[in-house]
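Reviewing the structure listed below.
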Amino acid sequence: MLIEFTVGNFRSFGEEVTFSLVAAALHSQDARLDADNLVPLDRHLSVLKSAVIYGANASGKSNLAQALRFMGDFVVHSARGQRGDAIEVEPFRLHADLREEPSSFEVVFQVAGGRYRYGFETDARAVQREWLYFLKPAPESEKARRREVMLFDRGPEQFEVRPTMKTLAELKGMTRDNALFLSVAAQFNSEHATAVLDWFRSVEHLGGVHDESLAWTAARMAEDAGFARAVVELVRSLDVGIQDIEVAVEVEHLAPAERRVSFVGELEIRTTHAVLDHEDQPVGVEQFKLESQESGGTRKLFALAGPLLRALREGLVLVIDEFDARLHPLLSQAILGLFNDPATNPKGAQLVALTHDTHLLDRRRLRRDQIWFVEKDGRGQSRLYSLATLKERNDAAFEQQYLHGRYGAVPLPGPLAAVIAESAS
């Protein structure tokens, strides 16, 4: 489970910001949320099952998602590069000093084996620092907090590896300046490094506009009849008039962790709709091609269905940028509800949705610590903050207050009518 993610000097984020799914010490107006929307990790810490992030256009919301995605991609792929390859990291460019400084990334997460804190600092030429810390799970009977232990800490002057990990120490000389030590260690089957790399692989990143997971969903349906039935039921339950979905293709290769799919022949997905007579009684069915004859919203629902089901079944993290794109607000609410409801999310999957859909800002659905905002300051830097830090009342109308500008992170359009009038004259 994702606990915290910190990024600094990356794209529009100059100073470090931290996105946290740690449950704050607060109480909702509806006490049910304080139980349903949280997952206890131990007696000291609970994390949130979902969070929504708001901000004006160009505020930096997508850059936050891109930062986590960059971190994961670099972890998974850095060991495969060549010496001298540039690292595709982009620092904050609107401050002269920061342009020459490394970007920083750190994530805290928990898996069955324990809790990890992993991070690195890098510029386009080389990794400047990298660290990994580990915290063993504490027995239920143990009341005191356990302290995390350093597994390795790599810096420009020294490279320290925990003595109990001697097998990793000999890999130091095999790690290129433009590669992560963790990625190299995972190639040599280090238990801890593999656990971290596997967690990054499990985090699913989706965009709201492009149906990038459509082929993956289709491939899983073609290979797994149970998964196919679940996708059909999910799409049917979201009320888009579809009775059935058929995938006619042979899967050549499917890599769920990296969403790589190849088919034998051309992929074809067909949806089935009922044909009704003049008394609205079914008299037959009609099939449509999903990609050319169904709406953009229906295509998005199908593309989302696979990652949604995988996340809920396996207890994974799902990050969706532009969550509201091509989705009716009631469908967005229904999807968010799948993650907050213990009945549909028994394994503690997490949804992070970057959105403009203000209908989700409802105290009956979300706690204040599940609502986040991104706003640019006068220097063009994005800052990130939670509604929980604004000391808002439990009974406030969150949506109305946000749209009125009480929480910031809203656009401030100029005199548009005057601009149009002037351009027409």
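Counting other C-beta atoms within 10 Å, and keeping those with at most 14, which DSSP coil trypsin sites (Lys or Arg not before Pro) do you find in region 84-140?
R93, R125
When the helix-only estimate is applied to the chain (DSSP H runs of n ≥ 4, each -39,500 (n - 2.57), divided by the residue count), what is the mean residue ellipticity at 222 nm, nearest 500 deg cm²/dmol?
That comes out to -8000 deg cm²/dmol.
Residue by residue through region 370-379, what is 3J(HN,Hα) from phi via Karplus (6.51 cos²θ - 1.76 cosθ + 1.60, θ = phi - 60°)? Round to whole Hz and write x for glycine and proline.
8, 10, 10, 9, 10, 9, 8, 8, x, 9
Answer with a single label: of (i) -0.55, -0.72, -1.16; (ii) -0.29, -0.51, -1.39; (iii) -0.23, -0.42, -1.42, which was calculated as log10 I(q)/I(0) by the Debye sum over Cα atoms at q = 0.06, 0.08, 0.14 Å⁻¹ from the structure in view?
Label of the calculated value: (ii).
Report the number of Lys pairs in the chain whose alpha-carbons are under 24 Å apart, with separation of 8 or more residues or on distinct chains.
12
Consider just the alpha-carbon atoms of region 211-299 and return their Rg together with their Dmax, both in angstrom.
Answer for region 211-299, Rg first and Dmax second: 14.2, 49 Å.
Under the definition of Cα pairs under 8 Å and six or more residues apart, what whole-number percent is the relative contact order of region 211-299?
23 percent
Report the charge-dipole magnitude of region 66-208 in Debye, nearest 20, computed about the Cα centre from +1 at each Lys and Arg Cβ and -1 at each Asp and Glu Cβ.
With Lys and Arg at +1 and Asp and Glu at -1, about 440 debye.
Sort 182-189, 222-229 by the packing proxy (mean of other Cβ within 10 Å over each peptide's residues), most packed first.
182-189, 222-229
Per q in 0.12, 0.15, 0.19, 0.21 1/Å, what log10 I(q)/I(0) does a Debye calculation on the alpha-carbon atoms of region 275-410 return?
Those come out to -0.63, -0.88, -1.17, -1.30, one per q.
Quick check for me: using +1 on Lys/Arg Cβ and -1 on Asp/Glu Cβ, what's the dipole size of the chain about its Cα centre, in debye to the nearest 20?
The calculation lands at about 1480 debye.
Starting at the first residue of region 96-111, write each ³J(HN,Hα) from the Karplus equation 6.51 cos²θ - 1.76 cosθ + 1.60 with θ = phi - 60°, in whole Hz, x for Gly and Pro.
3J(HN,Hα) across region 96-111, in whole Hz: 4, 6, 5, 4, 9, 9, x, 8, 10, 9, 8, 10, 10, 8, 10, 10.
Where does the charge balance sit around G155 when Lys and Arg score +1, Asp and Glu -1, over other residues with C-beta under 11 Å from its C-beta?
Net of charged neighbours comes to -3.
In whole Å, how far is the Cα centre of region 46-102 from that of region 370-386?
16 Å
List the DSSP H helices in the chain whose Cα atoms stretch 27 Å or more along the helix axis and whose mean Kyte-Doolittle hydropathy is at least 1.0.
Span-like helices in the chain: none at all.
Give the residue from A228, G297, L254 lying farthest towards the positive end of the charge dipole for region 211-299; charges sit on Cβ (+1 for Lys and Arg, -1 for Asp and Glu) and the dipole is referred to the Cα centre.
So the residue we want is L254.
Taking 0.36 nm per intervening residue step and subtracting the Cα-Cα distance, what contour gain separates E268 from R125 on full extension?
47.1 nm
Each value in this text was obtained by applying a stated rule to the coordinates, not by laboratory testing. What you see is a predicted model; the values in this text were computed from it and never measured. Ideal geometry is used to build each Cβ from the backbone, glycine not excepted, and the neighbour counts take in all protein chains shown.
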